[in-house]
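Heads up, the thing below is written out as structure tokens.
The values are calculated or read from the model by the stated rules, or taken from the named source; none is laboratory data. Note that this is a predicted model, so its numbers are computed, not measured. All Cβ positions, glycine included, derive from the backbone under ideal geometry; neighbour counts span all protein chains shown.
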Amino acid sequence: MTSINQLRSGMTKLDTVEGTIESISEPRTVNLKAGGQAQVADAIIKDETGQIKLTLWDAQIKMVKAGSKVTVENGYINSFKGENSLNVGKYGKLNVVEF
């Protein structure tokens, strides 16, 4: 298990990160590089060591709400505009432990 305060930009294939969804932004529509559009929302995930932004895409947005306990398996960290963000990615998995 990786705690949130251990997460750094560029980390990939993360072990399980567990936390509680603190808040979720309103979904917005973005244009994809490959063409088409997707819905994206930013959530804040928190554990006892800290908090980080969690990027949610399409169906993931409806899987969680504020207060949900979740795990992210095999995720990665990237930095956008100087802010680190936890991403599930194509090979990762978002699990809802408690809705």
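Of note:
- Taking segment 85-97 as the range and being in a strand (DSSP E or B) and at pLDDT below 95 as the test, only 97 passes.
- Leading residue by the ranking (surrounded by the fewest Cβ atoms within 10 Å (Cβ to Cβ)) among those in segment 44-59 that are outside any strand (DSSP E or B) and touching a residue at least 40 places away in the same chain (Cβ under 8 Å): 48
- When segment 5-43 is filtered for residues that are touching a residue at least 60 places away in the same chain (Cβ under 8 Å), aliphatic (A, V, I, L, M) and closer than 17 Å to residue 56 by Cα, the ones remaining, listed by number, are 14, 17.
- Filter pass, residue 79 being crowded, with 16+ Cβ neighbours inside 10 Å and either touching a residue at least 12 places away in the same chain (Cβ under 8 Å) or on the phi < 0 side of the Ramachandran plot (or both): no
- Residue that is nearest to residue 1 (Cα to Cα), among those in segment 31-47 that are among the charged types (D, E, K, R) and touching a strand residue (DSSP E or B) at 6+ places or on another chain (Cβ under 9 Å): 47
- Test result for residue 79, out of contact with any Phe, Trp or Tyr (no Cβ under 6 Å at 6 or more places or on another chain), at pLDDT below 95 and small (Gly, Ala, Ser): yes
- Annotation note: of 47, 42, the sole residue that is under 17 Å from residue 89 (Cβ atoms), at pLDDT 95 or above and among the acidic types (Asp, Glu) is 42.
- The residues of segment 1-29 that are in a strand (DSSP E or B) and surrounded by 11 or more Cβ atoms within 10 Å (Cβ to Cβ), listed by number, are 2, 17, 18, 19, 20, 21, 22, 23, 24.
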